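Scroll down for the structure; my scribbles are underneath it.
The values are calculated or read from the model by the stated rules, or taken from the named source; none is laboratory data. Treat the numbers as computed from the prediction; the structure is a model and nothing was measured. For neighbour counting, all protein chains shown are included, and Cβ atoms are generated from backbone atoms with ideal geometry for every residue, glycine included. Areas reflect the complete protein model, heavy atoms only, side chains present, ligands, DNA and RNA absent. Shrake-Rupley method; radii C 1.70, N 1.55, O 1.52, S 1.80 Å.
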Amino acid sequence: MKAIRFMAPETIEVSDIPMPVCKDDEVIAKIAYAGFCATDIELLTGEMVHIKNGNTTYPLVPGHEWAGTIVAVGSKVRDLKVGDQITSDVSLGCGECDYCREGRYNLCPNREVVGSYRNRQGAFAEYIAVPQRHVYKVPENLSLEEAALAEPAGTAEYAVRRARIPAGAQVLVIGDGPIGQLAAQLANIEGARRVIMAGSWDEKLAIAKECGVSDVINYHREDVAERAKELTEGEGPLIIIETSGNKTALNQAIKALKPGGRIVMVSWYNGDEVAAMLNATIAKDAELIGTLASPNTFDTVLGYMAEGKLNVRPLITHIKPLEELEDVVKMVRAKKEMRIKILLKP
């Protein structure tokens with residue numbers, strides 16, 4: 001089958017590789033769409049933490065956001081059949097350890113991660129194999145294009161759950177990319193009174209407003225912390241979801257936060273250490289919460305999409321053939337063309 005492989009830092013190859021073997025508890029799916037993510041750039045450059053610590057090695061097949069159709073099922077698979085439209089978790093737990101039994105399979109010490117950790121084959125290919133326990137059926141009224149956003153939506157949903165948003169709370173989302181856009185919509189679903197988004201592209205911020213964000217801040221023109229306080233009657237947001245992975249943004253969040261509030265961090269930050277304003281965090285009796293992956297969220301977000309509560313269609317700005325990945329990388333790096341979610345079609 002055809003697949004994209006990263007052979008070494010900055011080296012992309014369109015390869016012929018063997019079809020995945022279907023184990024007894026797995027299904028094989030033909031991929032319809034695979035989402036391109038900033039993590040894929042980090043894998044290409046070699047800056048991704050799993051590359052640096054040796055848990056992922058070249059060559060690898062990247063890609064972890066996808067939707068497709070089952071073409072084969074293992075002998076022990078139940079309730080799934082050839083022809084079912086599906087997507088899957090990214091973090092694949094062993095199913096046997098204490099973390100997996102608790103439902104925290106994102107922390108499984110034996111886990112694999114689709115498209116990266118321990119070189120589990122990713123979705124930038126024609127076919128993929130996944131264990132039944134990590135598979136989710138796509139609702140009948142949902143397109144495979146939309147279902148391919150289940151993973152970023154699940155990541156955003158997990159962050160929103162960890163934020164524990166009280167009804168009527170004021171929320172700031174930093175970052176206007178896919179995770180930020182989805183987290184903002186999900187915060188509204190959870191009952192936030194006002195959701196503010198800080199970002200860098202007026203076009204992306206306009207899409208956020210179309211999808212229910214109350215107010216937007218372009219950080220090129222305004223100070224995020226000061227403007228967020230103005231928009232919240234001087235209090236500051238009680239909940240801040242930081243999706244940009246920018247160290248400056250983290251400290252802006254700490255400055256903006258209402259005392260007693262919570263900051264949820266979704267993205268990886270470059271480097272082993274981040275200089276954060278911890279004294280200010282302590283003085284505000286605040287919480288800093290880290291989140292990893294998207295456990296136990298796919299059924300929820302797929303349901304929201306099918307019900308029309310979570311609108312992912314405006315976030316799909318490009319659909320490209322998988323073979324054009326190098327051009328996609330160039331476009332992303334040039335930062336001249338507005339994009340939110342790019343889908344690749346094998």
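Here is how the numbers come out for the structure above:
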{"read-out": "Pairwise label distance in nanometres, Glu324 with Glu13, each label 7 Å out on the Cα-Cβ vector", "value": "2.5"}
{"read-out": "Magnitude of the charge dipole, the chain, Cβ model with Lys/Arg +1 and Asp/Glu -1, debye to 20", "value": "280"}
{"read-out": "Probe 1.4 Å, accessible area per residue of the chain, Å²", "value": "43"}
{"read-out": "List Arg162, Arg339, Arg133, Arg78, ordered by accessible area with a 1.4 Å probe, largest first", "value": "Arg78, Arg133, Arg162, Arg339"}
{"read-out": "Estimated FRET transfer efficiency when R0 is 25 angstrom, pair Leu107-Asp285 (beta carbons, to 0.05)", "value": "0.40"}
{"read-out": "Percent of beta bridges antiparallel (DSSP, the chain, rounded to nearest 5)", "value": "55"}
{"read-out": "Extension reserve of the Glu47-Lys309 stretch, reckoned as 0.36 nm per residue once the Cα distance is removed", "value": "90.7 nm"}
{"read-out": "For the chain, average projected area of the Cα convex hull in nm²", "value": "16.6"}
{"read-out": "Amide hydrogen neighbours beyond the local backbone of Ala198, cut-off 5 Å, H modeled", "value": "Val173, Ile174, Gly175, Ile217"}
{"read-out": "Heavy atoms of Met19 accessible to a 1.4 Å probe, total area in Å² rounded to 10", "value": "90"}
{"read-out": "Under Karplus coefficients 6.51, -1.76 and 1.60, residue-wise ³J(HN,Hα) of the range 269-286 in Hz, glycine/proline x", "value": "9, 5, x, 6, 10, 10, 7, 10, 7, 6, 5, 5, 5, 5, 4, 8, 6, 9"}
{"read-out": "Angle in degrees between helix 178-189 and the longest Cα principal axis of the chain, rounded to the nearest 10", "value": "70"}
{"read-out": "Residue-level accessible surface for Ser200, protein heavy atoms, 1.4 Å, Å²", "value": "30"}
{"read-out": "Where labels lie 7 Å past Cα in the beta-carbon direction, separation of Asp24 and Asn55 in nm", "value": "2.9"}
{"read-out": "Fraction of accessible area attributable to carbon and sulfur, the range 154-290 (%, probe 1.4 Å)", "value": "47"}
{"read-out": "Under the Debye formula (equal points on every Cα, no solvent term), log10 I(q)/I(0) of the range 154-290 at q = 0.09, 0.10, 0.19 Å⁻¹", "value": "-0.21, -0.26, -1.03"}
{"read-out": "Distance (nanometres) between label positions extended 7 Å along Cα→Cβ at Asn296 and Ala275", "value": "3.9"}
{"read-out": "Angle in degrees between helix 298-307 and the longest Cα principal axis of the chain, rounded to the nearest 10", "value": "80"}
{"read-out": "Given charges at Cβ of Lys, Arg, Asp, Glu: the range 1-132 dipole, positive-most of Ile28, Ala125, Ile4", "value": "Ile28"}
{"read-out": "Semi-axis lengths (Å, descending) of the ellipsoid that matches the C-alpha gyration tensor of the range 122-216", "value": "28, 16, 12"}
{"read-out": "Tyr33 long-range amide H proximity, modeled H, under 5 Å", "value": "Ala67"}
{"read-out": "³J(HN,Hα), Karplus 6.51/-1.76/1.60, whole Hz, each residue of the range 319-328, x for Gly, Pro", "value": "10, 10, x, 4, 5, 8, 4, 4, 5, 4"}
{"read-out": "Taking the C-alpha atoms of the range 1-79, convex hull volume expressed per residue in Å³", "value": "113"}
{"read-out": "Entries of Lys247/Lys330; Lys2/Lys341; Lys52/Lys336; Lys2/Lys345; Lys209/Lys247; Lys52/Lys345 with Cα pairs more than 19 Å apart", "value": "Lys247/Lys330; Lys2/Lys341; Lys52/Lys336; Lys209/Lys247; Lys52/Lys345"}
